[in-house]
Amino acid sequence: MKFKIDHNNRIEDRTLEYLPNECSFNMFPIVENIDFELILNKISLSVRNNRIIQLWGFCGLGDRMISNYTTPKYEKGDLIIEETLENGFAYSINDNELPVFININTGWVCIGNPIDNPEENTAVEFIKNCVAIINSKGKLISLWLKPERLPKMLKVNIR
Amino acid sequence: MVSASANSVAQRFRYNGIELEESLGIDWYKMDMRQYDPAIARWTSIDPVVHHEYSTYSAFDSNPVFWADPSGADSQVHWEGNLETTTYEERMKSKKENVGKAKSGNNPNPYKAYFAQESKKVSAILNDMALVDAATTALEAKDSFDAGIMSFVEDTYTLAESWLQNPLGTLATIVSGTVDEIESTTNDFISSGYSDPGLFMLDRSYTAMSNMTLNDWAYAAGYSAPGAASGIFGGYVMSGVRVSSLIYTSWNRIPDISGYTTTRTVANNLASRPFINSPHTIRNIISTGRGVPDEFFKGGRNWVTPGTFNGSEGIFELGMNTSTKVIYHFMFRSN
């Protein structure tokens, strides 16, 4: 599945939260009128006019995911899907389950590969506190999410 | 004249006029050639006269009402007032003749009485005794009946699976006949009060199996010589019904999801998941298996199963705590 980024300084102004008792990311205000969905693990990326405008979904977070990875540099803009897909359905981005990493110091959660960031990769903050990294071929490498707060159950990782 | 009711010695002579040895708690009948244990309906030693068609321990050809064996050597029958010792072939021939006479209703012999004693349903077999095959042994009949019972149950189970996955499609396939038959069955479903066509067909099948006569089971099993094994026959019928009821019961053990709810996250995004409002879809998904326990959601289990939505084939993913009836994840990935 191929993506592209448009660094137009535009950003969807929504709030991302993580609900520990539901093990899910939730976003508000909600956009109900969408064209189709893209699925990353169990997270849904809502698409309208080929732009990803919101995301939500089940994503369990646990201690074993704690790491020190940090986000690459990013700019505001649009994350655009470069596929012709039929409206009303949900399509998988990844074939296999992607790993999840949590930096409890910065509050960022990474879904995907946190270290595959050569210079030719591009990062975009397409929704407030939501960053996507794509490579030169338009493949989504990782999705970084920063909810309002992480679950309290996560232990402090002292190294 | 000696009366067993008044004479303690006479009281020891019971079945077949043979003495019951009660000393040391044995309780065996002391025949001439060997001893008979009534508790297990078997001889306690091998048959001195070898019959290849029977176990050397079986007694009275497993039909103690019809056959006698006062010596323990060979079964005998009172035939038209005379006690005769017959060969196996002669016995089978006589049974066939008895069947014919029973069918015509002019021979009230113990054979028919034995059937009636075993089960009233067995008497229905007398109406179809033209199927009697003198060469078929009790062992062959047993194997045939077992295979037939399991084949019937397995076929029904397989059909039940397909019903629950694709009820209406399977309904048309099963009622493979005239358009009228399909319409008739469909109308039955609509007027049945069932909301689930799969469960409707499963119930209907189970009812049909429960109402089957022994003769019906005989046909299902391809069993053609029930004469020698009517007692076993009755037992196998009950076994078949028990097996099918177990499968039916286990199949019916799909968790009750009525009144299910969703997490707030899922509830906020129902517009993109209209199938969440379909208990039938959810029940179908859950029926595919027990689900994989989720690592994070307490009590949650995950199901992944192929399906169709809006004419598109794909994969349903369901995450649900069936105890609290809360759905935390539900999506359809289109192929």
### Message
Given points 7 Å out from each Cα along the Cα-Cβ axis, report the B:Thr324 to B:Ser278 separation in nanometres with one decimal.
### Response
2.7
### Charge sum, other residues only, whose C-beta stays under 15 Å from A:Lys42's C-beta, Lys/Arg counted +1 and Asp/Glu -1
-4
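Net charge around A:Gly88, counting only other residues with Cβ within less than 10 Å of its Cβ (Lys, Arg = +1; Asp, Glu = -1)? Walk me through the numbers on the way to the answer.
Details: positive: none; negative: A:Asp35, A:Glu37, A:Glu86.
Result for the neighbourhood of A:Gly88: -3.
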### Task
Hey, can you grab everything whose amide H is under 5 Å from the amide H of A:Ala90? Only 5+ residues off in sequence or another chain; H modelled, so Pro and N-termini drop out.
A:Glu37, B:Ser334
### Task
Take B:Ser323, B:Ser287 and order them by how many other Cβ atoms sit within 10 Å, fewest up front.
B:Ser323, B:Ser287
### Förster radius 30 Å - calculated FRET efficiency between B:Ala267 and A:Lys2, Cβ distance, rounded to 0.05
0.40
## Note on the structure
For the pair A:Thr70 and B:Met33, the simple spin-label estimate (label points 7 Å beyond Cα toward Cβ) gives in nm 9.9
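Taking each residue in B:262-274, count the Cβ atoms of any other chain within 10 Å of its Cβ, then average. What number comes out?
Values: counts 1, 7, 5, 13, 6, 0, 8, 12, 1, 5, 12, 3, 1.
Mean inter-chain Cβ contacts per residue within 10 Å come to 6.
Of A:Lys73/A:Lys139; A:Lys42/A:Lys152; A:Lys76/A:Lys146; A:Lys42/A:Lys146; A:Lys146/B:Lys325, which pairs sit farther than 20 Å apart, going by alpha carbon to alpha carbon? Don't skip to the end; give the middle numbers.
Values: A:Lys73/A:Lys139 18 Å; A:Lys42/A:Lys152 22 Å; A:Lys76/A:Lys146 15 Å; A:Lys42/A:Lys146 17 Å; A:Lys146/B:Lys325 30 Å.
The answer is A:Lys42/A:Lys152; A:Lys146/B:Lys325.
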### Message
If packing is taken as the average count of other Cβ atoms within 10 Å, what order do A:38-49, B:262-273 fall into, highest mean first?
### Response
A:38-49, B:262-273
### Task
Could you work out, residue by residue across A:95-102, how many beta carbons of other chains sit within 10 Å of that residue's beta carbon, and then give the average as an integer?
0
### Test item: A:16-22 mean partner chain Cβ contacts at 10 Å
3
#### Entry: Cut-off 10 Å between beta-carbons: net charge of the residues surrounding A:Met27, Lys and Arg +1, Asp and Glu -1
0
### Query
For the range B:264-321, rounded, prolate or oblate, judged on the Cα gyration tensor with a ≥ b ≥ c (square roots of eigenvalues), a/c < 1.5 rounded, else prolate if a/b > b/c?
oblate
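We did not get these values from a lab; they are worked out from the coordinates using the rules stated. Model, not experiment: these values are computed from the prediction. Methodologically, a virtual Cβ is constructed for each residue, glycine included, from the backbone with ideal geometry; neighbour enumeration extends over all protein chains shown.
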